[in-house]
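The values are calculated or read from the model by the stated rules, or taken from the named source; none is laboratory data. Note that the coordinates shown come from a computational prediction; the quantities given were computed from them, not determined experimentally. Reconstructed Cβ throughout: ideal geometry from the backbone, glycine too, with neighbour counts over all protein chains shown.
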Amino acid sequence: MESYKPVWLKGAIILAINLANAGYKPVTIGLGERDFYVDIQSDTSLTLDEAKKFAKYSEAEFKVEDNYINYNGIKIKMENSEINIPSSNPKYFEILNISTHHPEPTVQYVRIRGVAFETEEQLKDYLSWLEKAEETDHRLIGERLDLFSFHEEAGSGLVLFHPKGQIIRNELINYMREINEGMGYQEVYTSHVYKSDLWKISGHYTLYRDKLVLFNMEGDEYGVKPMNCPAHILIYKSKPRTYRDLPIRFSEFGHVYRWEKKGELYGLLRVRGFVQDDGHIFLREDQLKDEVKMLIKKTLEVWEKFGFKGEDVKVYLSTRPDESIGTDEQWEKATNALMTAMQELGLSFGIKEKEGAFYGPKIDFEIRDSLGRWWQMSTIQVDFNLPERFKLEYIDKDGSKKRPVMVHRAIYGSLDRFIAILLEHFNGRLPTWLSPIQVRILPISDEVNDYAEKILNDLKKSKIRAEIDYAGETLSKRIKNAYDQGVPYIIIVGKREANEGTVTIRGRGNIEIKNIKFEDFLNRLKNEILNRDVEQTAIKTLKK
Ligand SMILES: [Zn+2]
């Protein structure tokens, strides 16, 4: 990719000059990861076809001045001015995308993204490579499925989830709520912003300083929360707790912000604001092993729900690092509790020597995706530090005051990052329960629209997310569209189906079943969704 960048930059210059010659106002050119871009100042957008007219080679004299291109007195800012502009010229162009953004509140730029090559073969090879990348890169899948977007004027690393993306988030949250409830968690809500005093007590003010967003209001300093723990601790401290109350388990889908460096941001995998399926447990030392055991069992159950099991899940125990707080006795007891929990479950696990946090030992879960990559997901961390800092206590049987053990835990980790991993793992073809559109109905002709609408109504009554793609495009084009948009089930209805009250069902992988009683399919589909099956069990059981 890097070797193409000089010629892309030249391509961007040529496109900008062509646009200038047609009366447009090009202001900036630069390089993205997979293409070049030209920004023009304009209140109205261009269509892809309009832009394509300008994407061709033309002879033009221009001068390079620092980070500007000077073309007949028109100055165009050039990002990536460190790249030497080649003397050879690209002759083969492709425009990939057009979008708009606001560099200033009252100014709009139209951004044209494209590529340019010296030979036709290079262009063809690149476009077929790009098509494959679109299948496996969550940023491109997200664009294709209309799930989320990032905008320059809104800030880097700060995502906007579209309606369809929010459906996926809600489904993941609903499932995790059930899992948490099953373990006895009480869900809480805490604010996005707290006074710096809180972050000073917790230690985040110094330890997390470079990622903490701070601001002043009415003479007080505030910080946007990078973690939910201190707020959960204040809820614990809001009243006296006794040995009988423990374990106390708080969960929250907590929105946290961490100011990562701009260069380290990467789609949903690395953002500045994200939601954790966070949870904190306050418990007695003697309760630690059983609590961790339950948590491990549930975590493995969750991963299996998404199809990650056996060899594709690894568990690690991280032990005391050289620099740490807490007594030898505390470390030994906690590390033993974690280890015994795993042993009693018959789990094989690796040990990461000295890789625990400075405040306690931890268990990590890694999963392997369909591309063979390992991702660290769930974590269970014992913490000796925060109970100390916040002077947490409970009243024991004998009336004495004791300090509880605290455990931080997350199963998905970051919801946003997990969505990125799922999109790449499934190539955008999510399990039915997670799919924003679960069924698309294709009437063969307008004559059967009534029947299609009746089916749509029945699906909606069963809370299945369905829509109709009315006749207009050819049937094969509409089938392809549904497939490209990751829709798991297609229902095709024609005259015969309408007369007989049946449907033709298409699932993924070209499975098609004709003349099925609609009710029969509906019941199986409801079960597939209710069970949150990772496979398309509705059509697979029909096929048998
Ligand atoms: Zn925490």
Next on the checklist: Criterion first (in contact with a His (Cβ under 6 Å, 6 or more places away or on another chain) and touching a residue at least 60 places away in the same chain (Cβ under 8 Å)) does residue 108 satisfy it?
Outcome noted: yes
Checklist entry - Conditions: (1) part of a loop (DSSP other than H, G, I, E, B); (2) within 14 Å of residue 416 (Cβ to Cβ). Residue 165 meets all but one. Number of the miss? => result (1)
Checklist entry - All but one of (1) of a type in the set (Gly, Ala, Ser); (2) away from the ligand (no atom under 16 Å from the Cβ); (3) touching a residue at least 24 places away in the same chain (Cβ under 8 Å) hold for residue 310; which doesn't? => result (3)
Next on the checklist: Which pairs turn up if I take residues in the range 267-285 that are outside the structural domain of residue 386 (by TED's automatic domain parsing) and look for partners that are basic (Lys, Arg) and away from the ligand (no atom under 12 Å from the Cβ) with beta carbon separation below 6 Å, at least 6 apart in sequence or on another chain?
Outcome noted: none
Item to check | Where residue 371 falls short, out of the listed (1) away from the ligand (no atom under 16 Å from the Cβ); (2) within 25 Å of the chain's Cα centre (by Cα); (3) within 25 Å of residue 325 (Cα to Cα) | outcome: (3)
Checklist entry - What pairs come up if the first residue lies in the range 405-430 and is on the phi > 0 side of the Ramachandran plot, the second is of a type in the set (Lys, Arg) and assigned to a helix (DSSP H, G or I), and their beta carbons are under 7 Å apart, counting only those six or more places apart or on different chains? => result 428/144
Item to check | the range 298-335 - residue that is assigned to a loop (DSSP other than H, G, I, E, B) and among the aromatic types (Phe, Trp, Tyr) and, of those, farthest from residue 346 (Cα to Cα) | outcome: 306
Checklist entry - Is it true that residue 233 is away from the ligand (no atom under 15 Å from the Cβ) and crowded, with 18+ Cβ neighbours inside 10 Å? => result no
Checklist entry - Hey, any hits in the range 291-304 for a residue that's within 16 Å of the ligand (Cβ to nearest atom), in contact with an Asp or Glu (Cβ under 8 Å, 6 or more places away or on another chain) and on the phi < 0 side of the Ramachandran plot? => result no
Checklist entry - So which residues in the range 96-155 are surrounded by fewer than 16 Cβ atoms within 10 Å (Cβ to Cβ), in a loop (DSSP other than H, G, I, E, B) and outside the structural domain of residue 29 (by TED's automatic domain parsing), if there are any at all? => result 146, 151, 155
Item to check | Looking only at the range 255-273, and only at residues there that are aliphatic (A, V, I, L, M) and assigned to a loop (DSSP other than H, G, I, E, B), the one that is farthest from residue 292 (Cα to Cα) | outcome: 265
Item to check | Options 295, 345, 283, 268; residue that is more than 27 Å from residue 424 (Cβ to Cβ) and in contact with a strand residue (DSSP E or B) (Cβ under 9 Å, 6 or more places away or on another chain) | outcome: 283
Checklist outcome for this item: Residues of the range 353-367 being surrounded by 16 or more Cβ atoms within 10 Å (Cβ to Cβ) and not hydroxyl-bearing (Ser, Thr, Tyr), in sequence order, are 356, 357, 360, 361, 362, 363, 364, 365, 366, 367
Checklist entry - Restricting the search to the range 377-408, which residues are in a strand (DSSP E or B), away from the ligand (no atom under 16 Å from the Cβ) and either surrounded by fewer than 18 Cβ atoms within 10 Å (Cβ to Cβ) or of a type in the set (S, T, N, Q) (or both)? => result 395, 401, 402
Item to check | From 442, 422, 434, 430, residue being touching a Lys or Arg at 6+ places or on another chain (Cβ under 7 Å) and of a type in the set (A, V, I, L, M, F, W, C) | outcome: 442
Checklist entry - Hey, which of the strands (runs of 3 or more DSSP E) in the range 5-93, taking only ones fully inside, have at least 1 residues that are acidic (Asp, Glu) and either assigned by TED's automatic domain parsing to the domain that holds residue 124 or within 36 Å of the chain's Cα centre (by Cα) (or both)? => result 36-41, 63-65
Item to check | Complete set of residues in the range 447-458 that are closer than 15 Å to residue 517 by Cβ, touching a helix residue (DSSP H, G or I) at 6+ places or on another chain (Cβ under 7 Å) and either of a type in the set (Lys, Arg) or surrounded by 18 or more Cβ atoms within 10 Å (Cβ to Cβ) (or both) | outcome: 451, 455
Item to check | Identity of the residue in the range 193-223, within 16 Å of the ligand (Cβ to nearest atom) and within 23 Å of the chain's Cα centre (by Cα), that ends up surrounded by the fewest Cβ atoms within 10 Å (Cβ to Cβ) | outcome: 211
